[in-house]
Amino acid sequence: MSLRRTPLFEIYEAYGAKTVEFGGWEMPVQFSGILAEHEAVRTRGGLFDVSHMGEFEITGPDAIPFLQFLVTNDAARLSPGMAMYSPMVYDHGGCVDDLLVYCFSAERCWVVVNAGNIEKDFAWMSAHTDPFRVTLTNRSSDIALLALQGPRAQEVLQTITSSDLNEVGFYRFVETTVAGAPAVVSRTGYTGEDGFELYVEAAWAVPLWREILDAGQPFGILPCGLGCRDTLRLEARLPLYGHELAEDISPLEAGLGGFVKLDKGDFIGKDALARQKAEGVSRKVVGITMEGRGIPRQGYPVYHAGRQVGYVTSGTQSPTLQIPIGLVLVSADAAAVGSTLQVEIRGKQVPCRVVKTPFYKRAK
């Protein structure tokens, strides 16, 4: 099966991209190098092509009630110009996906989903449109998505847009133009840094990419790949579907209870999540730092007091902290901060410790 390509694929080579398969897409894992790109985002800024993400448009009188029934967070609190993060779960409480909701009006919203879940999510949402008065449209092929992240992101972007970016608060968005391109510009982020997402029609992707990098050159902005996006989000303890969230992992187990509003009314999976909360989760996703040599990788077994209690969901050598870090899904009795665990790495049980997360938090 051939891999899908974003509208920016044609210029990857010109910027030195090394591509890999990701969720059925041929995507840049790096341009100048993962460590250099990671450092750029933490200290200056980086530009990502995340056009592989999916965008669905929901229109109709019941757009908000439809979303309220589908997701665990409270869509009823949304007003025009607001964005919201939320898990979306099955009846048993496991995750269909985690997503962003953008509210343009009471009768028009976008849902932004993970690239590898586009078809699955669209089928799931389509199956639940009745009895709601909504039209659900998959606009993923029409829309390109660029993400400019880092402490200098606002300075760079402000030079090529007339909108006052000070007025775009966290989890807010505005419809504007950037370097002549009509764009939806939001401020959500997936790196632990400040930054913006720019949704544009696919034909604008290449000229906008070039304009942003040209504007960012005096600031040291770099094109960035998915390699550093993963190390950045892991340092910030942000979940990745297929790792910290999955069909068999609930938002409560993943530590996302703040995005599960059991008091908002009926929604898919409410009963299962309410039962899980009342009984207490039997396992939790927690952070670890290694105390012995070795890097924890996804799937590695985790032990406590001589028995296997879970596995690594994500792990890396933290470029910012210069230590091996990871997220693990372990039984609740082994999840307390300060607990000593062991990760099996190449046949050896290497000690690690449960720590508070996020591992990295930017200065305000």
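Please get the size of the charge dipole for segment 40-114, origin at its Cα centre, with Cβ charges of +1 on Lys and Arg and -1 on Asp and Glu, quoted in debye to the nearest 20.
It comes to approximately 400 debye.
Ratio of segment 262-358's C-alpha Rg to 2.2 N^0.38 Å, to two decimals? Scaled against compact globular proteins, the figure is 1.23. With the simple spin-label model, which puts each label point 7 Å out from Cα in the Cβ direction, the residue 291 to residue 278 separation comes to 3.9 nm. Sort segment 54-138 into rounded, prolate or oblate with this rule: let a ≥ b ≥ c be the square roots of the eigenvalues of the Cα gyration tensor; rounded if a/c is under 1.5, and if a/c is not under 1.5, prolate when a/b is larger than b/c, oblate otherwise. Rounded, since a/c falls under 1.5.
Compared with the rule-of-thumb size 2.2 N^0.38 Å for a compact globular protein, segment 119-188 has a Cα radius of gyration ratio of 1.47.
Of the trypsin sites (Lys or Arg not before Pro) in segment 262-320, the ones in a loop by DSSP (not H, G, I, E or B) with at most 16 other beta carbons within 10 Å are 264, 293, 297. Here is the size of the chain from its Cα atoms: Rg then Dmax, 20.5, 61 Å. Residue-wise HN-Hα couplings along segment 336-344, as the Karplus relation 6.51 cos²θ - 1.76 cosθ + 1.60 with θ = phi - 60° gives them from phi, are 5, 4, x, 5, 9, 10, 9, 9, 7 Hz; Gly and Pro carry x.
Extension gain for residue 11-residue 332 works out to 110.8 nm (0.36 nm per residue, less the C-alpha to C-alpha distance). Across segment 135-143, computed HN-Hα scalar couplings (Karplus, 6.51 cos²θ - 1.76 cosθ + 1.60, θ = phi - 60°) run 10, 10, 10, 8, 9, 4, 6, 8, 10 Hz from first to last residue, x flagging Gly and Pro. Computed from phi, the 3J(HN,Hα) profile of segment 102-111 under the Karplus parametrisation 6.51, -1.76, 1.60 (θ = phi - 60°) reads 10, 9, 8, 6, 4, 10, 8, 9, 10, 10 Hz, with x in place of Gly and Pro. A simple charge model with +1 on the Cβ of Lys and Arg, -1 on the Cβ of Asp and Glu and nothing else charged puts the dipole of the chain at about 1340 debye relative to its Cα centre.
As a rough footprinting exposure proxy, the listed residues 309, 89 were ranked by other beta carbons within 10 Å of their own, and the order from fewest upward is 309, 89. For the set 270/364; 120/284; 18/348, the pairs lying more than 30 angstrom apart at their alpha carbons are 270/364; 18/348. Residues whose amide H falls under 5 Å from that of residue 188, counting only those 5 or more places apart or on a different chain, are 171, 197, with hydrogens built in the peptide plane.
Normalised by 2.2 N^0.38 Å, with N the number of residues, the alpha-carbon radius of gyration of segment 1-99 equals 1.43. Computed from the C-beta positions of residue 263 and residue 311, the FRET efficiency with R₀ = 30 Å rounds to 0.35.
The amide H of residue 300, built 1.01 Å from its N in the peptide plane, has 312 as neighbours under 5 Å, considering only residues 5 or more places off or on other chains.
In plain terms, the residue of 84, 1, 125 with the fewest other Cβ atoms within 10 Å comes first and the most crowded comes last, giving 1, 84, 125. In plain terms, the chain from residue 129 to residue 36 could stretch by 28.9 nm, reckoned as 0.36 nm per residue minus the Cα-Cα distance.
Restricting attention to segment 88-119, which chymotrypsin sites (Phe, Trp or Tyr not before Pro) occupy a DSSP loop and are surrounded by at most 16 other Cβ atoms within 10 Å? Answer in residue order: 90.
A short reminder: the numbers here are calculations on the coordinates, not readings from a lab. This one's a predicted model, so the numbers in the text were calculated from it and none came from an experiment. We place every Cβ from the backbone using ideal geometry, glycine too, and count neighbours over all the protein chains shown.
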